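Working notes for the structure below.
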Amino acid sequence: MEAIRQFVKVKNHQVNIVLPDDFNAEEVEVIILSSSRKDYTIPQWQINEVRERTEKYLKNPSSATDIDGFLNEIENEI
């Protein structure tokens, strides 16, 4: 699934969303939320976690788990 996040201005109770040329979909789901905070920051622990996982993957790409393997791991832990 491809997701696009944009902050757009509301003008006359309307919004205009321009999709990239390479976005190919016949139907999309649109969710509209009021944006009161545009400067969201990613928590440092999450940045560290992504960096650590990326380093591990780059050192050994074959160690990556596909979605089925991941779901099996979770199921076995329950």
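The values are calculated or read from the model by the stated rules, or taken from the named source; none is laboratory data. Only a predicted model underlies this, so the values are computations on that prediction, with no experimental measurement involved. Virtual Cβ from ideal backbone geometry, glycine too; neighbours counted across all protein chains shown.
Taken together, the residues in segment 52-70 that are exposed (fewer than 10 other Cβ atoms within 10 Å of the Cβ), of a type in the set (A, V, I, L, M) and within 19 Å of the chain's Cα centre (by Cα) amount to 1. Within segment 52-70, how many residues turn out to be part of a helix (DSSP H, G or I) and either touching a helix residue (DSSP H, G or I) at 6+ places or on another chain (Cβ under 8 Å) or hydrophobic (A, V, I, L, M, F, W, C) (or both)? Counting residues in segment 52-70 that are part of a helix (DSSP H, G or I) and either touching a helix residue (DSSP H, G or I) at 6+ places or on another chain (Cβ under 8 Å) or hydrophobic (A, V, I, L, M, F, W, C) (or both) gives 6. Among the residues of segment 5-41, those identified as surrounded by 10 or more Cβ atoms within 10 Å (Cβ to Cβ) and within 29 Å of Ile67 (Cα to Cα) are Leu19, Phe23, Val28. Residues in segment 26-69 that are more than 30 Å from Asn16 (Cβ to Cβ) and aromatic (Phe, Trp, Tyr) were compared, and the one that is modelled with the lowest pLDDT is Tyr57.
Could you go through segment 33-44 and let me know if any residue there is part of a helix (DSSP H, G or I) and out of contact with any Lys or Arg (no Cβ under 9 Å at 6 or more places or on another chain).
First pass over segment 33-44, keeping only residues part of a helix (DSSP H, G or I): 44.
Add one more test, that the residue is out of contact with any Lys or Arg (no Cβ under 9 Å at 6 or more places or on another chain), and what stays is 44.
Yes; the residues of segment 33-44 include at least one that is part of a helix (DSSP H, G or I) and out of contact with any Lys or Arg (no Cβ under 9 Å at 6 or more places or on another chain).
Within the set Glu73, Glu49, the sole residue that is touching a Ser or Thr at 6+ places or on another chain (Cβ under 9 Å), assigned to a helix (DSSP H, G or I) and either without any contact (Cβ under 8 Å) to a residue 12 or more places away in the chain or surrounded by fewer than 10 Cβ atoms within 10 Å (Cβ to Cβ) (or both) turns out to be Glu73.
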